[in-house]
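Data first, discussion second: the structure below is written as structure tokens.
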């Protein structure tokens, strides 16, 4: 709605006005310079198992991790699992850096959202809602982790998509991958429409499948998995 010359630029103080609907005396008494604000937008159910609301990037990811933990509570698994909900992923990946540094995991899976197909969205790099989670390939992903997650999806007969990133993925995968001496990292994404708006939309099946994929992947881990990752990288290097 801005004139063309003001698009893609920060708002100025003289242009951005927030009406909190309170008398000036109350505003002066209860609101200070620097206070944070947010839209009040409840989660709403849509048809066909879809939901819409604010901050589904990354509330959907936290929900997927919860599904994975519930799945693992009913399965035997030999590996210890650390679930982390990180902060400041959109700015400096600080939660990813500090969590990976402090926990020192042997391997990691980053969960995020990816662009869903929708009105006005490009067909390139977007994914249909309900088509299943997307597994990413790129500089922030260990190819062995990608292959292992894909194999797990096949064992579940689960539909998945493949995403790519040529540089940084824009997710916690980068922060985790480079922690300490490096951590083999995979990346699973949930298709989402209208990213970074108050009406972000997902298909709950994609979120549930993401959690189930993580849970089954962890349940299948054994003592030889890390050695297999290293051997796989050596084989790829020799082929090149």
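The values are calculated or read from the model by the stated rules, or taken from the named source; none is laboratory data. From a predicted model like this one, the values you see are computed outputs, not experimental measurements. FYI the Cβ positions are ideal-geometry reconstructions off the backbone, even for glycines, and counts take in every protein chain you see.
Take residue 207 and tell me if it is within 14 Å of the chain's Cα centre (by Cα) and buried (at least 22 other Cβ atoms within 10 Å of the Cβ). Please lay out each step first, then the result.
Values: within 14 Å of the chain's Cα centre (by Cα): yes; buried (at least 22 other Cβ atoms within 10 Å of the Cβ): yes.
Against the criterion (within 14 Å of the chain's Cα centre (by Cα) and buried (at least 22 other Cβ atoms within 10 Å of the Cβ)), residue 207 qualifies.
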Among the numbered conditions (1) at pLDDT 95 or above; (2) more than 18 Å from residue 110 (Cβ to Cβ); (3) outside any strand (DSSP E or B), tell me where residue 207 comes up short.
-> (2)
Residues that are assigned to a loop (DSSP other than H, G, I, E, B), under 19 Å from residue 171 (Cα atoms) and without any contact (Cβ under 8 Å) to a residue 24 or more places away in the chain, drawn from region 86-123 = 87, 88, 90, 91, 92
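Only one of 68, 60 is surrounded by 20 or more Cβ atoms within 10 Å (Cβ to Cβ) and closer than 25 Å to residue 225 by Cα. Can you tell me which? Steps first, please.
Numbers: 60 fails: closer than 25 Å to residue 225 by Cα.
Just one listed residue meets the conditions, 68.
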Applying the selection to region 16-45, what residues are out of contact with any helix residue (DSSP H, G or I) (no Cβ under 8 Å at 6 or more places or on another chain), more than 30 Å from residue 63 (Cα to Cα) and not in a helix (DSSP H, G or I)?
-> 16, 17, 18, 19, 21, 23, 31, 32, 33, 34
Being surrounded by 10 or more Cβ atoms within 10 Å (Cβ to Cβ) and out of contact with any strand residue (DSSP E or B) (no Cβ under 7 Å at 6 or more places or on another chain) is the filter here, so list the residues in region 23-45 that pass it.
-> 26, 27, 28, 29, 30, 31
Could you check residue 137 against (1) within 15 Å of residue 184 (Cα to Cα); (2) in contact with a strand residue (DSSP E or B) (Cβ under 8 Å, 6 or more places away or on another chain); (3) in contact (Cβ under 8 Å) with a residue 40 or more places away in the chain and say which number it fails?
-> (3)
